[in-house]
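Data block below; observations after.
Just so it is clear, none of the values below were taken in a lab; they were calculated from the coordinates. Worth saying up front: this structure is predicted, and the values here are computed from it rather than measured. Cβ atoms come from the backbone with ideal geometry, glycine included; neighbour counts cover every protein chain shown.
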Amino acid sequence: MASLKTATRGRAAEVLERIGHCVELVPLDPNFQEITVGLYVRDSVAIVWTFSRKPGVEERMRVIRDQLVALGGMTAVAGTHDKVVYECGQLHERPLKFLMKRAVEKPPDHRLPEGRVKDLRSPLMLDIKGLEEDGRWVYRVDAEGEAPNEAARLRAVTGGLARYGDMEKAGDDAASFSCGHRHDQLAHLVLPFARNVSQVEDMLAADAMRGQMTTGTLGFSPPT
Amino acid sequence: MAFTETMTSRERVMNALAGKPVDRPPVCNPTNVATVDLMDLVDAPFPDACRDPELNAQLAATGYTELGFDAIAPYFTIIQESSALGCDMQWEQKDNWPTVRMSNPIWKGPDDVKVPSGFLKHPDVLAITRSISLLKREFGDEVAIIGKTMGPWTLSYHLFGVEPFLLMTIDDPDLTMECLNRLKEISVLFGQAQIDAGADALTFPDHATGDLVSAEYYRRFLLELHQEMAERLDVPLILHICGKTLDRMDYIAQNNMAMFHFDSKNDAQEAMDIVDGRIGLVGNINNPETLYARGPEEVRQEVYRCMDAGVNMIAPECAVPLATKLENLMEIPKAVRAWCEDHQGNGAVGSG
């Protein structure tokens, strides 16, 4: 057995000094030996990182980084296998969490579905269409089909985009990213989450409770 | 002016547990600080790290070598004894806690309480005792090794099932006491084995939490029993009860244990006022909202609030969530040192 004292001593602190703060931690990578993968940020550059040293992790980081590009429209930093940026210079951390989770947990060839998505609270089929307005790229929620509550649903979905996309509302059915730039893939990634806030909140709460030790999770009292 | 430490981690923890002066409050989680990142760092994932002594020691050591805490606590979970006693186990994956399937209890009453002859040789018991030996051999007097033995109240939940046990406390208090008195021998047996292996102190989880039972339950069923544990186990004991406990802290302060590991559901200053020096306090930094979901700045604020209140050892309120970000855990010792630098010379630093 390696020395307990010196096997890794201080390595985690050295690494964090270099890669910055953690935006999202995915505890279990189902596509590569159940390693833990984090997305870290330093100076507006996002870095895909794992503390695992299993053979093949560098290639796995490259695959995940490439998925951030394919699914989220990020740009790979030249000459690296693990770094990405958004050209706008911002990182849009809230939607980046959803993007990172998908990049790790879905198969490496996973792509965002094309076309409209079904609204979960009405018969409407939803899409978002971007256009430039007053120097900002604005995404308008577009509905196909008929529903008595269409206006309310568009308002709610726009609220969802603001909530999970860190977007700013630009009317009842439109929103733009805070940078004002065009991020089509990110907007399409967020849309399925935006259509049902309560369900997404339940999912996030369930994710958060996994690995927590409380009287509730131990079964010693009703979960809170 | 930079704050200068004058004690080893072990001296600091042992002095704090004994109520003696310290150069600064120790950072010491009596339960667990292992996370999924640390598991990767030393290639010792759950559940294997709960069952293999070498993996256990590798992972436990990171609490000191990587996070900078003043203690190492190798018993990460609360299920080792229950597994060895034959409970139906769910070992889970790397990112979740092993649990006992309490809906499928193995015992019904005191006559069932029998310790298997090979209990101390069971792999899930040896995982802890051998790990403690390895850690003690490697670290010696450098850092405190904190073992853990489950109290009879928690063992009852696992072995009899939560609901049947709580109903028993209502229907037949004498039978309940008989169960607890028999089960406490398991607490002593496993606790003593860890002391023999080199543990400097023992955490004693016994979940008579305010979320489930009244303060009167603590006085009636557990106070004397805990006093007996403090007498029989010859190392400092740290009682751990999750949840709301302010209403029973006056009783807890009379149990003769060294410290009480308390939950963030209890106001730190109010808790300090109630115990009034009769027992030390450790913990109180919120897990689900602060350590898991926020950032280092919020962690620092919570550490400062505990330090301002005079909490004796600084720690998360319970076992940390397995997906806690390392930067948040590393902030705890940094914040303690920063607070000490801010308060040098005003008499706040160095008290016991």
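Of note:
- For the range B:153-269, taking Cα atoms only, Rg and Dmax work out to 13.9, 41 Å respectively.
- Estimated from helices alone, the mean residue ellipticity of chain A at 222 nm is -11000 deg cm²/dmol (sum of -39500 (n - 2.57) over DSSP H runs with n ≥ 4, per residue).
- Based on DSSP H segments of at least four residues, each scored -39500 (n - 2.57), chain B has a per-residue ellipticity at 222 nm of -13000 deg cm²/dmol.
- Calculated P(r) tail over 17 Å for the range B:277-348, as whole % of Cα pairs: 39 percent
- The mean sequence separation of alpha-carbon pairs under 8 Å and at least six residues apart, normalised by the residue count of the range B:227-352, gives a relative contact order of 21 percent.
- Dipole orientation for the range A:1-146: of the candidates A:Ile128, A:Ala2, A:Phe51, A:Ala2 has the Cα lying most toward the positive pole (charges on Cβ; Lys, Arg +1; Asp, Glu -1).
- The Cα atoms of the range B:55-211 define a convex hull whose projected area, averaged across directions, is 9.7 nm².
- Cα pair distances of chain A binned at 5 Å [whole percent]: 1, 6, 13, 15, 16, 15, 12, 10, 6, 3, 1, 1, 0, 0
- Cα long-axis angle, helix B:296-309 against chain B (0 to 90 degrees, to the nearest 10): 80 degrees
- Between A:His81 and A:Ala147, residue separation times 0.36 nm minus the direct Cα-Cα distance comes to 19.1 nm.
- Expressed as a fraction of 2.2 N^0.38 Å, the value expected for a compact globular protein of N residues, the C-alpha radius of gyration of the protein assembly as shown is 1.05.
- Near-label residues of the range A:17-31 by backbone N, under 13 Å of a point 7 Å along Cα→Cβ of A:Arg163: none
- Global geometry of the range B:56-145, whether rounded, prolate or oblate, following the gyration tensor of its Cα atoms and the 1.5 cut on a/c: prolate
- Inter-chain neighbour count for A:44-53: the average number of beta-carbon atoms from partner chains within 10 Å of each residue's beta-carbon is 3.
- Where a label projected 7 Å from the Cα of A:Val69 along Cα→Cβ would reach, residues of the range A:1-45 with amide N under 16 Å: none
- Between the range B:27-101 and the range A:125-164, the Cα center-to-center distance that results, in Å: 47 Å
- Scaling against 2.2 N^0.38 Å puts the C-alpha radius of gyration of the range B:119-160 at 1.46.
- Label-reachable residues, the range B:272-311, where backbone N falls under 15 Å from a point 7 Å from B:Asn256's Cα toward its Cβ: B:279
- Tail fraction, Cα-Cα pairs, the range B:218-342, threshold 23 Å, whole percent: 33 percent
- Cα centroid of the range B:215-239 to Cα centroid of the range B:166-213, whole Å: 9 Å
- Value of Rg/Rh across the range A:127-224 [Cα atoms, Kirkwood radius]: 1.14
- Two-decimal Rg to Rh for chain B - Kirkwood Rh, Cα set: 0.95
- Expressed in Å, the radius of gyration and Dmax of the Cα atoms of the range A:1-126 are 16.8, 62.
- Remark: the range B:1-77 is approximated by an ellipsoid whose semi-axes, taken from the C-alpha gyration tensor as √(5λ), come to 27, 13, 8 Å, largest first.
- Taking chain B and dividing mean pair separation by its residue count, relative contact order in percent (alpha carbons under 8 Å, at least six apart): 21 percent
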